[in-house]
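A quick write-up on the structure given underneath.
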Amino acid sequence: MNRSKSVESDFDYLLLVLITALVGFGLVMVFSASYDLGYSRADHNVFYYFVKQLLWVVLGAAAFGIAVSIDYRTWQSWAVPILGVALMMLLLVLVVGGKKLGAVRQISNGSIQPSEFAKLAIVIYIAAWLASKGERLKSASVGLLPFAVLLGLLVGLILRQPDIDTSVVIAFTAIAMFFIAGADLVQVLIVVILGVVTFIVTIKLSPYGLDRIKAYLDPLANAAKNEHIATALDALGNGGFLGRGLTESTTKVGAVLPMAHSDSIFAVIGEELGLWGALLVVGLFLFFAYRGTRIALRAPDTFGTLLAFGITTWLVFQAFMNMGVMTNTLPPSGQTLPFFSYGGSSMVANLVAVGILLNVSRGGRGGLRLDALTGFWRRNGWSRVPDSDSRRGSAEQNPGYARTTPRGR
(Lines give C-alpha, C1' and ligand atoms only; values in the text may rest on other atoms or scores of the structure.)
Protein backbone atom coordinates (compact mmCIF):
# COMPACT_ATOMS: atom_id res chain seq x y z
CA MET A 1 0.00 0.00 0.00
CA ASN A 2 1.75 3.14 -1.21
CA ARG A 3 -0.35 5.93 -2.51
CA SER A 4 -1.05 9.63 -2.50
CA LYS A 5 -4.65 10.56 -3.19
CA SER A 6 -5.90 13.64 -4.94
CA VAL A 7 -9.22 13.73 -3.14
CA GLU A 8 -10.79 16.69 -1.41
CA SER A 9 -11.07 16.07 2.33
CA ASP A 10 -13.68 17.82 4.45
CA PHE A 11 -13.67 18.31 8.19
CA ASP A 12 -15.79 15.56 9.72
CA TYR A 13 -18.34 17.56 11.72
CA LEU A 14 -20.39 14.45 12.42
CA LEU A 15 -17.41 12.93 14.23
CA LEU A 16 -16.99 16.14 16.21
CA VAL A 17 -20.66 15.98 17.25
CA LEU A 18 -20.25 12.30 18.13
CA ILE A 19 -17.22 12.92 20.35
CA THR A 20 -19.00 15.80 22.07
CA ALA A 21 -21.94 13.47 22.75
CA LEU A 22 -19.67 10.70 24.06
CA VAL A 23 -17.79 13.02 26.41
CA GLY A 24 -20.97 14.71 27.63
CA PHE A 25 -22.70 11.37 28.16
CA GLY A 26 -19.60 10.15 29.97
CA LEU A 27 -19.58 13.13 32.35
CA VAL A 28 -23.22 12.52 33.27
CA MET A 29 -22.49 8.87 33.99
CA VAL A 30 -19.33 9.63 36.00
CA PHE A 31 -21.40 11.84 38.29
CA SER A 32 -24.19 9.29 38.53
CA ALA A 33 -21.75 6.45 39.27
CA SER A 34 -19.55 8.37 41.73
CA TYR A 35 -21.74 10.64 43.83
CA ASP A 36 -22.20 7.99 46.53
CA LEU A 37 -18.45 7.34 46.59
CA GLY A 38 -17.76 11.07 46.81
CA TYR A 39 -20.17 11.42 49.71
CA SER A 40 -18.52 8.62 51.65
CA ARG A 41 -14.86 9.31 50.82
CA ALA A 42 -14.52 13.02 50.03
CA ASP A 43 -16.04 14.85 53.01
CA HIS A 44 -19.60 14.39 51.74
CA ASN A 45 -18.77 16.12 48.45
CA VAL A 46 -20.94 14.31 45.89
CA PHE A 47 -19.39 16.37 43.08
CA TYR A 48 -15.78 15.46 43.95
CA TYR A 49 -15.13 12.94 41.17
CA PHE A 50 -17.32 14.77 38.68
CA VAL A 51 -15.39 18.02 39.12
CA LYS A 52 -12.05 16.26 38.78
CA GLN A 53 -13.24 14.54 35.61
CA LEU A 54 -14.57 17.83 34.27
CA LEU A 55 -11.16 19.42 34.78
CA TRP A 56 -9.55 16.56 32.84
CA VAL A 57 -12.11 17.07 30.07
CA VAL A 58 -11.23 20.78 29.89
CA LEU A 59 -7.52 19.93 29.71
CA GLY A 60 -8.25 17.25 27.13
CA ALA A 61 -10.36 19.68 25.10
CA ALA A 62 -7.45 22.14 25.00
CA ALA A 63 -5.09 19.37 23.87
CA PHE A 64 -7.74 18.29 21.35
CA GLY A 65 -7.85 21.80 19.89
CA ILE A 66 -4.08 21.83 19.50
CA ALA A 67 -4.08 18.38 17.87
CA VAL A 68 -6.77 19.44 15.39
CA SER A 69 -4.69 22.49 14.39
CA ILE A 70 -1.47 20.57 13.68
CA ASP A 71 -1.01 19.04 10.23
CA TYR A 72 -1.08 15.30 10.86
CA ARG A 73 2.05 14.83 8.71
CA THR A 74 4.01 16.54 11.48
CA TRP A 75 3.49 13.44 13.63
CA GLN A 76 5.26 11.40 10.93
CA SER A 77 8.26 13.67 11.25
CA TRP A 78 8.27 13.32 15.04
CA ALA A 79 7.42 9.62 15.26
CA VAL A 80 10.79 8.56 16.67
CA PRO A 81 11.12 11.17 19.47
CA ILE A 82 7.44 10.69 20.39
CA LEU A 83 8.01 6.96 20.76
CA GLY A 84 11.24 7.61 22.66
CA VAL A 85 9.46 9.79 25.23
CA ALA A 86 6.71 7.17 25.62
CA LEU A 87 9.26 4.41 26.20
CA MET A 88 11.13 6.50 28.76
CA MET A 89 7.87 7.08 30.63
CA LEU A 90 7.16 3.34 30.61
CA LEU A 91 10.64 2.68 31.98
CA LEU A 92 10.10 5.35 34.61
CA VAL A 93 6.96 3.53 35.73
CA LEU A 94 9.01 0.41 36.43
CA VAL A 95 11.37 2.43 38.63
CA VAL A 96 9.08 4.79 40.57
CA GLY A 97 5.57 3.69 39.64
CA GLY A 98 2.79 2.74 42.02
CA LYS A 99 1.06 -0.63 41.93
CA LYS A 100 -2.59 -0.98 40.92
CA LEU A 101 -4.47 -4.24 40.44
CA GLY A 102 -1.30 -6.31 40.50
CA ALA A 103 0.63 -4.14 38.07
CA VAL A 104 2.94 -1.12 38.30
CA ARG A 105 1.16 1.34 36.01
CA GLN A 106 1.08 4.82 37.53
CA ILE A 107 3.39 7.66 38.50
CA SER A 108 2.89 10.98 40.32
CA ASN A 109 0.69 9.44 43.03
CA GLY A 110 -1.50 7.71 40.50
CA SER A 111 -2.41 10.85 38.52
CA ILE A 112 -0.50 9.82 35.38
CA GLN A 113 -0.74 6.48 33.62
CA PRO A 114 1.94 6.49 30.88
CA SER A 115 0.54 3.42 29.09
CA GLU A 116 -2.45 5.51 27.94
CA PHE A 117 -0.16 7.95 26.12
CA ALA A 118 2.05 5.08 24.95
CA LYS A 119 -0.89 3.66 22.98
CA LEU A 120 -1.09 6.82 20.88
CA ALA A 121 2.70 7.09 20.54
CA ILE A 122 2.93 3.50 19.31
CA VAL A 123 0.10 4.01 16.81
CA ILE A 124 1.89 7.08 15.41
CA TYR A 125 5.24 5.32 15.16
CA ILE A 126 3.89 2.13 13.60
CA ALA A 127 1.88 4.16 11.07
CA ALA A 128 5.04 6.06 10.09
CA TRP A 129 7.14 2.89 10.02
CA LEU A 130 4.67 0.95 7.87
CA ALA A 131 4.13 3.90 5.51
CA SER A 132 7.87 4.08 4.89
CA LYS A 133 8.00 0.48 3.59
CA GLY A 134 5.54 0.67 0.70
CA GLU A 135 5.37 -2.46 -1.44
CA ARG A 136 8.54 -3.78 0.21
CA LEU A 137 6.38 -4.68 3.19
CA LYS A 138 5.55 -8.00 1.52
CA SER A 139 9.19 -9.05 1.82
CA ALA A 140 9.86 -11.05 4.97
CA SER A 141 13.21 -9.32 5.56
CA VAL A 142 11.71 -5.83 5.24
CA GLY A 143 8.20 -6.41 6.58
CA LEU A 144 7.50 -9.49 8.68
CA LEU A 145 10.75 -9.92 10.63
CA PRO A 146 11.36 -6.26 11.54
CA PHE A 147 7.67 -5.80 12.41
CA ALA A 148 7.64 -8.87 14.66
CA VAL A 149 10.80 -7.68 16.45
CA LEU A 150 9.47 -4.12 16.78
CA LEU A 151 6.11 -5.24 18.13
CA GLY A 152 7.78 -7.74 20.46
CA LEU A 153 9.99 -5.03 21.98
CA LEU A 154 7.12 -2.58 22.46
CA VAL A 155 4.70 -5.11 23.91
CA GLY A 156 7.43 -6.77 25.98
CA LEU A 157 8.18 -3.52 27.79
CA ILE A 158 4.52 -3.10 28.74
CA LEU A 159 4.30 -6.73 29.83
CA ARG A 160 7.11 -5.99 32.30
CA GLN A 161 4.70 -3.90 34.40
CA PRO A 162 2.89 -6.39 33.89
CA ASP A 163 0.01 -4.80 31.96
CA ILE A 164 -1.44 -7.64 29.90
CA ASP A 165 -4.59 -5.74 28.95
CA THR A 166 -2.77 -2.79 27.37
CA SER A 167 -0.43 -5.21 25.60
CA VAL A 168 -3.41 -6.95 24.01
CA VAL A 169 -4.87 -3.62 22.82
CA ILE A 170 -1.57 -2.50 21.31
CA ALA A 171 -0.84 -5.87 19.69
CA PHE A 172 -4.31 -6.11 18.14
CA THR A 173 -4.13 -2.55 16.82
CA ALA A 174 -0.62 -2.98 15.41
CA ILE A 175 -1.44 -6.26 13.67
CA ALA A 176 -4.57 -4.72 12.12
CA MET A 177 -2.46 -1.81 10.85
CA PHE A 178 0.12 -4.27 9.49
CA PHE A 179 -2.58 -6.00 7.47
CA ILE A 180 -4.08 -2.74 6.17
CA ALA A 181 -0.59 -1.54 5.17
CA GLY A 182 -0.32 -4.42 2.69
CA ALA A 183 1.00 -7.46 4.54
CA ASP A 184 -0.33 -10.72 3.16
CA LEU A 185 -2.43 -13.15 5.20
CA VAL A 186 0.47 -15.55 5.80
CA GLN A 187 2.54 -12.77 7.39
CA VAL A 188 -0.39 -11.68 9.53
CA LEU A 189 -1.07 -15.28 10.58
CA ILE A 190 2.55 -15.75 11.65
CA VAL A 191 2.45 -12.57 13.77
CA VAL A 192 -0.87 -13.62 15.32
CA ILE A 193 0.53 -17.07 16.22
CA LEU A 194 3.59 -15.46 17.81
CA GLY A 195 1.32 -13.12 19.72
CA VAL A 196 -0.91 -15.92 20.99
CA VAL A 197 2.11 -17.94 22.13
CA THR A 198 3.51 -14.90 23.93
CA PHE A 199 0.14 -14.28 25.58
CA ILE A 200 -0.13 -17.88 26.80
CA VAL A 201 3.40 -17.87 28.22
CA THR A 202 2.81 -14.51 29.91
CA ILE A 203 -0.44 -15.71 31.49
CA LYS A 204 1.22 -18.84 32.83
CA LEU A 205 4.04 -16.79 34.35
CA SER A 206 1.64 -14.28 35.90
CA PRO A 207 -0.31 -15.61 38.91
CA TYR A 208 -2.66 -12.62 38.73
CA GLY A 209 -3.38 -13.11 35.03
CA LEU A 210 -3.77 -16.87 35.44
CA ASP A 211 -6.33 -16.38 38.21
CA ARG A 212 -8.39 -14.13 35.98
CA ILE A 213 -8.40 -16.64 33.13
CA LYS A 214 -9.40 -19.48 35.48
CA ALA A 215 -12.20 -17.38 36.94
CA TYR A 216 -13.47 -16.60 33.44
CA LEU A 217 -13.35 -20.21 32.21
CA ASP A 218 -15.03 -21.64 35.31
CA PRO A 219 -16.93 -18.85 37.10
CA LEU A 220 -18.85 -21.20 39.43
CA ALA A 221 -15.71 -22.89 40.76
CA ASN A 222 -13.96 -19.52 41.15
CA ALA A 223 -16.84 -17.40 42.40
CA ALA A 224 -14.71 -15.47 44.91
CA LYS A 225 -12.21 -14.44 42.21
CA ASN A 226 -15.02 -13.62 39.77
CA GLU A 227 -17.10 -11.53 42.20
CA HIS A 228 -16.44 -8.30 40.33
CA ILE A 229 -17.91 -9.61 37.07
CA ALA A 230 -20.74 -11.39 38.89
CA THR A 231 -21.74 -8.06 40.44
CA ALA A 232 -21.50 -6.34 37.05
CA LEU A 233 -23.83 -8.94 35.55
CA ASP A 234 -26.26 -8.40 38.44
CA ALA A 235 -26.20 -4.68 37.69
CA LEU A 236 -26.95 -5.24 34.01
CA GLY A 237 -29.74 -7.65 34.91
CA ASN A 238 -31.23 -5.20 37.42
CA GLY A 239 -31.56 -2.59 34.69
CA GLY A 240 -33.92 -4.60 32.51
CA PHE A 241 -35.02 -2.91 29.30
CA LEU A 242 -35.56 0.65 30.54
CA GLY A 243 -33.27 0.86 33.57
CA ARG A 244 -33.81 2.00 37.13
CA GLY A 245 -33.17 5.65 36.28
CA LEU A 246 -30.16 7.97 36.58
CA THR A 247 -28.47 7.86 40.01
CA GLU A 248 -30.67 4.90 41.00
CA SER A 249 -28.06 2.14 40.70
CA THR A 250 -27.89 -0.01 43.82
CA THR A 251 -24.70 -1.94 43.09
CA LYS A 252 -22.56 1.22 43.19
CA VAL A 253 -23.70 2.00 46.74
CA GLY A 254 -21.10 1.04 49.31
CA ALA A 255 -18.68 0.09 46.51
CA VAL A 256 -20.44 -3.26 46.04
CA LEU A 257 -19.52 -2.90 42.36
CA PRO A 258 -15.76 -2.18 42.32
CA MET A 259 -14.61 0.86 40.31
CA ALA A 260 -18.19 1.75 39.35
CA HIS A 261 -17.12 5.16 38.02
CA SER A 262 -14.12 3.89 36.06
CA ASP A 263 -13.60 0.37 34.71
CA SER A 264 -17.16 -0.77 35.58
CA ILE A 265 -19.08 2.26 34.35
CA PHE A 266 -20.73 0.28 31.54
CA ALA A 267 -22.44 -1.90 34.16
CA VAL A 268 -23.80 1.24 35.85
CA ILE A 269 -25.07 2.48 32.48
CA GLY A 270 -26.87 -0.83 31.98
CA GLU A 271 -28.43 -0.73 35.45
CA GLU A 272 -29.56 2.89 35.32
CA LEU A 273 -30.49 3.23 31.65
CA GLY A 274 -31.31 -0.39 30.89
CA LEU A 275 -30.72 -2.41 27.75
CA TRP A 276 -31.51 0.58 25.55
CA GLY A 277 -28.89 2.71 27.26
CA ALA A 278 -26.28 -0.03 26.88
CA LEU A 279 -27.20 -0.47 23.22
CA LEU A 280 -26.94 3.29 22.72
CA VAL A 281 -23.32 3.15 23.92
CA VAL A 282 -22.63 0.23 21.58
CA GLY A 283 -24.22 2.14 18.71
CA LEU A 284 -22.18 5.27 19.39
CA PHE A 285 -18.92 3.31 19.20
CA LEU A 286 -20.05 1.51 16.05
CA PHE A 287 -20.76 4.92 14.50
CA PHE A 288 -17.31 6.06 15.63
CA ALA A 289 -15.84 3.01 13.88
CA TYR A 290 -17.70 3.95 10.69
CA ARG A 291 -16.60 7.59 10.70
CA GLY A 292 -13.01 6.71 11.56
CA THR A 293 -12.81 4.08 8.81
CA ARG A 294 -14.32 6.56 6.36
CA ILE A 295 -11.64 9.09 7.26
CA ALA A 296 -8.93 6.45 6.82
CA LEU A 297 -10.19 5.49 3.37
CA ARG A 298 -10.35 9.15 2.25
CA ALA A 299 -6.97 10.19 3.68
CA PRO A 300 -4.61 11.92 1.19
CA ASP A 301 -1.67 9.56 1.74
CA THR A 302 -0.63 6.22 3.18
CA PHE A 303 0.49 7.63 6.51
CA GLY A 304 -2.85 9.38 6.99
CA THR A 305 -4.75 6.19 6.20
CA LEU A 306 -2.72 4.09 8.63
CA LEU A 307 -2.81 6.73 11.35
CA ALA A 308 -6.60 7.16 11.11
CA PHE A 309 -7.18 3.42 10.96
CA GLY A 310 -4.86 2.80 13.91
CA ILE A 311 -6.54 5.40 16.13
CA THR A 312 -10.00 4.10 15.21
CA THR A 313 -9.05 0.46 15.80
CA TRP A 314 -7.43 1.23 19.16
CA LEU A 315 -10.35 3.18 20.62
CA VAL A 316 -13.11 0.93 19.27
CA PHE A 317 -11.34 -2.32 20.23
CA GLN A 318 -10.67 -1.00 23.73
CA ALA A 319 -14.31 0.05 24.10
CA PHE A 320 -15.64 -3.36 23.09
CA MET A 321 -13.00 -5.05 25.22
CA ASN A 322 -14.32 -3.16 28.26
CA MET A 323 -17.94 -3.95 27.42
CA GLY A 324 -17.04 -7.57 26.73
CA VAL A 325 -15.53 -7.88 30.21
CA MET A 326 -18.61 -6.36 31.87
CA THR A 327 -20.86 -8.87 30.07
CA ASN A 328 -18.47 -11.79 30.83
CA THR A 329 -17.88 -12.25 27.10
CA LEU A 330 -14.16 -11.70 27.61
CA PRO A 331 -11.79 -12.45 30.52
CA PRO A 332 -11.50 -9.70 33.17
CA SER A 333 -9.25 -6.79 32.26
CA GLY A 334 -8.48 -3.32 33.50
CA GLN A 335 -9.15 -1.37 30.32
CA THR A 336 -11.28 1.75 30.62
CA LEU A 337 -14.30 2.60 28.47
CA PRO A 338 -13.01 5.48 26.28
CA PHE A 339 -14.67 8.87 26.94
CA PHE A 340 -16.77 7.40 29.76
CA SER A 341 -14.52 5.99 32.47
CA TYR A 342 -13.14 8.27 35.17
CA GLY A 343 -9.46 8.98 34.61
CA GLY A 344 -7.36 11.87 33.38
CA SER A 345 -4.65 10.11 31.39
CA SER A 346 -7.17 8.12 29.38
CA MET A 347 -9.40 11.13 28.67
CA VAL A 348 -6.55 13.40 27.53
CA ALA A 349 -4.89 10.72 25.38
CA ASN A 350 -8.21 9.80 23.77
CA LEU A 351 -9.11 13.41 22.96
CA VAL A 352 -5.67 14.10 21.47
CA ALA A 353 -6.06 10.98 19.31
CA VAL A 354 -9.47 12.14 18.05
CA GLY A 355 -8.03 15.59 17.36
CA ILE A 356 -5.40 13.99 15.13
CA LEU A 357 -8.11 11.91 13.46
CA LEU A 358 -10.12 15.04 12.67
CA ASN A 359 -7.05 16.71 11.18
CA VAL A 360 -6.66 13.70 8.90
CA SER A 361 -10.31 14.17 7.90
CA ARG A 362 -9.49 17.66 6.64
CA GLY A 363 -6.43 16.37 4.79
CA GLY A 364 -4.14 18.46 6.96
CA ARG A 365 -5.64 21.63 5.50
CA GLY A 366 -5.30 24.61 7.76
CA GLY A 367 -3.02 22.61 9.99
CA LEU A 368 0.10 24.02 11.61
CA ARG A 369 3.10 22.23 10.10
CA LEU A 370 5.77 23.30 12.61
CA ASP A 371 8.17 23.74 9.69
CA ALA A 372 10.80 25.51 11.79
CA LEU A 373 11.16 22.43 13.97
CA THR A 374 10.86 19.69 11.37
CA GLY A 375 13.12 21.66 9.09
CA PHE A 376 15.83 21.59 11.76
CA TRP A 377 15.87 17.78 11.74
CA ARG A 378 15.88 17.66 7.92
CA ARG A 379 18.79 20.10 7.71
CA ASN A 380 20.78 18.06 10.19
CA GLY A 381 20.13 14.83 8.39
CA TRP A 382 18.25 13.00 11.16
CA SER A 383 15.91 10.36 9.81
CA ARG A 384 12.59 10.37 11.65
CA VAL A 385 11.66 6.83 10.60
CA PRO A 386 13.98 4.09 9.29
CA ASP A 387 13.90 3.94 5.47
CA SER A 388 11.37 6.76 5.40
CA ASP A 389 10.47 8.30 2.07
CA SER A 390 11.60 11.66 3.40
CA ARG A 391 15.21 10.53 2.95
CA ARG A 392 14.64 9.86 -0.70
CA GLY A 393 14.55 13.42 -1.84
CA SER A 394 12.13 15.55 -3.72
CA ALA A 395 8.52 16.52 -3.34
CA GLU A 396 7.76 14.62 -6.56
CA GLN A 397 8.96 11.40 -4.89
CA ASN A 398 6.97 11.98 -1.74
CA PRO A 399 4.14 14.46 -2.39
CA GLY A 400 2.12 13.44 0.67
CA TYR A 401 4.97 14.50 2.95
CA ALA A 402 5.91 17.73 1.17
CA ARG A 403 2.47 19.32 0.94
CA THR A 404 0.44 20.87 3.66
CA THR A 405 -2.71 20.40 1.54
CA PRO A 406 -3.94 17.58 -0.70
CA ARG A 407 -3.48 17.76 -4.43
CA GLY A 408 -5.85 20.03 -6.21
CA ARG A 409 -5.97 22.60 -3.43
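The values are calculated or read from the model by the stated rules, or taken from the named source; none is laboratory data. No experiment lies behind these values; they were computed from the predicted model shown. Don't worry about glycine lacking a Cβ; one is built from the backbone with ideal geometry, like all the others, and counts go over all protein chains shown.
Taken together, the residues in region 36-55 that are crowded, with 19+ Cβ neighbours inside 10 Å and of a type in the set (F, W, Y) amount to 2. Cβ-Cβ contacts under 6 Å between residues 6 or more apart (or on different chains), taken from a first residue in region 10-36 that is in contact (Cβ under 8 Å) with a residue 12 or more places away in the chain to a second residue that is crowded, with 17+ Cβ neighbours inside 10 Å and small (G, A, S), are listed as F11/S361; D12/S361; A33/A260. Scanning region 56-65 for residues that are among the hydrophobic types (A, V, I, L, M, F, W, C) and in contact (Cβ under 8 Å) with a residue 12 or more places away in the chain returns W56, V57, L59, A61, A63, F64.
All conditions in (1) over 17 Å from the mean Cα position of the chain (by Cα); (2) touching a residue at least 40 places away in the same chain (Cβ under 8 Å) hold for V325, with the sole exception of (1). Taking the listed residues A308, A296, A289, A319, the one that is assigned to a helix (DSSP H, G or I), hydrophobic (A, V, I, L, M, F, W, C) and surrounded by fewer than 20 Cβ atoms within 10 Å (Cβ to Cβ) is A289, with no other qualifying.
Just one of the listed residues (P300, P386) is modelled with pLDDT of 70 or more and either over 30 Å from Y49 (Cβ atoms) or not hydrophobic (A, V, I, L, M, F, W, C) (or both), and it is P300.
Annotation note: of A176, A232, the sole residue that is buried (at least 17 other Cβ atoms within 10 Å of the Cβ), more than 24 Å from G134 (Cα to Cα) and at pLDDT 85 or above is A232. Going through (1) assigned to a loop (DSSP other than H, G, I, E, B); (2) surrounded by fewer than 17 Cβ atoms within 10 Å (Cβ to Cβ) one by one, V186 falls short only on (1).
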